[in-house]
Amino acid sequence: VRMLDSIEALNPCQFNASDDCIARMYELRGGKTALVNMLPEISAQLERTRRGVFIDCGCNEGDWLVSLLKALHIHNASLLQYVYPIWIEPSRRYYKRLQKLALTWNGHHLARAAWVSSGTMMLHESRNAMSSSLSNASAARYGTLDSYTVETFDLARLVRSHAGATIVMKHDIEASEY
């Protein structure tokens, strides 16, 4: 497991604005039931592309992506060789756990906040472990424990850099979805 200094370190491939990678993205809703229902389609795409990127954006403890990886293992374990899991979570609260998951599943933990550009922003840690946010108002609903500066990165650029891959992404970033 390594901390990444830049998106280029994570994804060296270039992207072309005309690439139709968005059509290969799947948003999974409804928890584990939706995961199970989507496995045949995800599996078919992985068999076709032989490249998969599973992104848990705003992953907190990382459980959603682990559930998806385990479900895929049960459904068709041979497809895991094509999957590159990425846990995205800037909160210090989950750092050690996410580093361990990235090592266990041969993926990466990107300890930055997903945004529309690279830079820095304030992250507001909420008393409710699942509600930390770049929006102080969102985090403050449960009481703010701490606020600190985190690095941001361009999420669209990350997705586009994987054009041609089967991309599965959960996007839950507390008031910063776009």
Solvent exposure ordering (accessible area, 1.4 Å, most first) of His124, His75: His75, His124
Derived scalar couplings ³J(HN,Hα) [the stretch 67-79; Karplus, 6.51 cos²θ - 1.76 cosθ + 1.60; whole Hz; x for Gly, Pro]: 4, 5, 5, 5, 5, 5, 4, 5, 5, 6, 4, 5, 6
Using a 1.4 angstrom probe and counting only protein chains, how large is the accessible area of Arg51 in Å², to 10? 100 Å²
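When the chain is fully extended, how far beyond the present Cα-Cα distance does Ala140 get from Glu41, taking 0.36 nm per residue of separation? Kindly include the intermediate steps, with their values, before the conclusion.
Details: separation 99, 0.36 × 99 = 35.64 nm, distance 3.92 nm.
Gain on extension, Ala140 to Glu41, equals 31.7 nm.
Which sequence of Trp115, Trp64, Trp87 reflects their accessible areas, 1.4 Å probe, from the largest down?
Descending order: Trp115, Trp64, Trp87.
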Quick one: which residues, 5 or more positions from Leu123 or on another chain, have an amide H under 5 Å from its amide H? H modelled 1.01 Å from N in the peptide plane, none for Pro or chain starts. Tyr148, Thr149, Val150
At 1.4 Å probe size, what's the solvent-accessible area of Met38? Round to the nearest 10 Å². 40 Å²
Just by accessible area at a 1.4 angstrom probe, what is the order of Val66, Val36 from largest to smallest? Val36, Val66
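Give me the number: length gained by fully extending Arg50 to Ile74, i.e. 0.36 nm times residue separation minus the C-alpha to C-alpha distance, one decimal in nm.
6.8 nm
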Which value, in Å² and to the nearest 10, is the accessible area of Thr152 when all protein chains are kept and the probe is 1.4 Å? 10 Å²
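The values are calculated or read from the model by the stated rules, or taken from the named source; none is laboratory data. Everything quoted here is computed from the prediction, not taken from an experiment. Heavy atoms of the whole protein, side chains included, go into the accessibility calculation; ligands, DNA and RNA do not. Shrake-Rupley method; radii C 1.70, N 1.55, O 1.52, S 1.80 Å.
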